[in-house]
Amino acid sequence: MELTQDQLKDLEGYASIYLKITDIAVILGVRPDELRNEINLVGSPAYNAYHRGKALSKVQLHQQEMTLAKVGSPLALQNARDNLLDMEDDE
């Protein structure tokens, strides 16, 4: 499957708001199974766009969690701790 640069940009944006692949495919005008296969192909432009979109939103969520943790939110403190443990497990 070959996606245009505009489609890849849109894919990244939709992934950043955690839209389901099926819905993204409908919007992009491609078959969901083909898009899913392309997203699962490590290193493909679709894989990179989709995972970059998700990761950039995770960054924002983690930043917000840290802000809340620093002012003492118990849930945010636990989430920040969990994020740290996930990070260390990935090292």
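The values are calculated or read from the model by the stated rules, or taken from the named source; none is laboratory data. This one's a predicted model, so the numbers in the text were calculated from it and none came from an experiment. Here the Cβ positions follow ideal geometry from the backbone for every residue, glycine too, while neighbour counts run over all protein chains shown. For accessibility, only protein heavy atoms count, side chains too; no ligands or nucleic acids. Shrake-Rupley method; radii C 1.70, N 1.55, O 1.52, S 1.80 Å.
Of the set (1) outside any helix (DSSP H, G or I); (2) more than 18 Å from the chain's Cα centre (by Cα), all apply to residue 34 but (1).
Consider residue 23 carefully, then state whether it is part of a helix (DSSP H, G or I), in contact with a Phe, Trp or Tyr (Cβ under 8 Å, 6 or more places away or on another chain) and open to solvent by 50 Å² or more (accessible area, probe 1.4 Å). So residue 23 fits the description; yes. Cβ-Cβ contacts under 6 Å between residues 6 or more apart (or on different chains), taken from a first residue in region 64-75 that is without any contact (Cβ under 8 Å) to a residue 24 or more places away in the chain to a second residue that is surrounded by 12 or more Cβ atoms within 10 Å (Cβ to Cβ) and not polar (S, T, N, Q), are listed as 65/76; 65/80; 66/80; 68/76; 69/76; 69/77; 69/80.
For region 1-17, name all the residues that are among the aliphatic types (A, V, I, L, M), farther than 19 Å from residue 55 by Cα and surrounded by fewer than 18 Cβ atoms within 10 Å (Cβ to Cβ). Scanning region 1-17 gives a single hit, 1. Only residues that are surrounded by fewer than 16 Cβ atoms within 10 Å (Cβ to Cβ) and assigned to a helix (DSSP H, G or I) were counted in region 37-47, giving 2.
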